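Read the structure below first, then the notes.
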Amino acid sequence: MTSFDLSRRGLILGAAGGAALLAAGRPHPLQAAAHATAPLPTFYDRMVGNLRVTTLLDGYFKLDQNLVTNLEDEQIAEGMKAAYLDPTDPIPLAISTHVIRQGDEVSLIDSGAGGAFGPTAGRLRTSLELLGVAPEDVTRIVLTHMHPDHIGGLIGDSGPVFPNASLHVSEADHAFWTDETIASGAPESSQGFFALARAVSEAYTQRTEMFGENTDLGGGLTTLAMPGHTPGHSGVRVSDGSDQLIIWGDSTALASLQFSHPDAGIAFDADGVQAAETRRRVLDMVVSDKIAVAGTHLPFPGIGHVEEKDGAYAWVPEEWQHI
Ligand SMILES: [Zn+2]
């Protein structure tokens, strides 16, 4: 299986390809392209009240350690060793998306990477098909933010993938990623991010609905402002009765590092200081209220609880729920 390393070099190469951002990442020199494949479709089903929440593994990527910010090399190595990962390797990160079903309402939270991250991701459509969900069945899509690994699955060669869905996106994120003045002043390495966000925005323009901070979208979904990783980065609270799950997108993304070192960030954070403040606030909230959370990049299926530990936090994965 080909591994895909998300590195600074990969980003720069990919940026030249616009929407094909990151697809030009380095394949492992010893692995033949013929074996390039995404993981098999992988699902995890869980109820939140009467809402059926299915986590789909879109794929994975590997993050170069030099993209971790605000953390010493030794601390990165320590964190990886504590998670029984090879401290000399890039950091493996899942890409998950969530489907929430109740009756005829089919909501999708983020769309995975589509073709933007190379062969190890972009399994959303295959997975939906196996679930018995056709693209036409999806009634709405809610975005945590407009990074390529969250919006790439929304468009294909022939335009929008989901012909009937409304697209709910944070006003602040949409404004940022579609602003041509901001894009023209941004570094070459992030041009592909802007190009893909603009392409998605154009493909869904008639069906886009903006949300502000903490907006009730109906059907048990409420957005929660979690800015920093991107200007309008948002979580989604899924609730029915007294049962709830908070899907926090990339608020905490690196399971082996950011629970024990919540100030550590990722080079893609738009505002690293704000992202860290948000992370601590969200972690404190879910610790004190014992709320189950789901994260896009946490080890699949990426659902669990958070506890306080040694002045920081610890991740407690949920035991598999059989429904
Ligand atoms: Zn992400």
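The values are calculated or read from the model by the stated rules, or taken from the named source; none is laboratory data. Since the structure is predicted, the reported quantities are computational estimates derived from the model, not experimental observations. We place every Cβ from the backbone using ideal geometry, glycine too, and count neighbours over all the protein chains shown. To get the accessible areas, we keep the full protein, side chains included, count just its heavy atoms, and leave off ligands, DNA and RNA. Shrake-Rupley method; radii C 1.70, N 1.55, O 1.52, S 1.80 Å.
Some notes on this structure:
- Extreme residue, nearest to D73 (Cα to Cα), among residues of the stretch 263-316 that are away from the ligand (no atom under 16 Å from the Cβ) and of a type in the set (V, I, T): V273
Conditions tested, residue by residue: (1) of a type in the set (S, T, Y); (2) within 16 Å of the ligand (Cβ to nearest atom); (3) under 25 Å from L93 (Cβ atoms).
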site	(1), (2), (3)
L130	no, no, yes
I151	no, yes, yes
G156	no, no, yes
A165	no, no, no
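- Of all residues in the stretch 217-244, those satisfying the criterion of being away from the ligand (no atom under 16 Å from the Cβ), within 29 Å of V273 (Cβ to Cβ) and without any contact (Cβ under 8 Å) to a residue 60 or more places away in the chain are T222, L224, A225, R237.
- Condition broken by F211, with the remaining ones in (1) closer than 22 Å to I95 by Cα; (2) open to solvent by less than 20 Å² (accessible area, probe 1.4 Å) satisfied: (1)
- In the set (1) in contact (Cβ under 8 Å) with a residue 60 or more places away in the chain; (2) surrounded by 20 or more Cβ atoms within 10 Å (Cβ to Cβ); (3) closer than 18 Å to I246 by Cβ, S260 fails one condition alone, (3).
- Taken over the stretch 215-257, the criterion of being over 16 Å from M285 (Cα atoms) and open to solvent by less than 10 Å² (accessible area, probe 1.4 Å) is satisfied by L221, G228, T230, G232, H233, A253, L254, L257.
- If you filter the stretch 241-263 down to residues that are of a type in the set (G, A, S) and closer than 20 Å to D110 by Cα, you find that the one that is farthest from the chain's Cα centre (by Cα) is A255.
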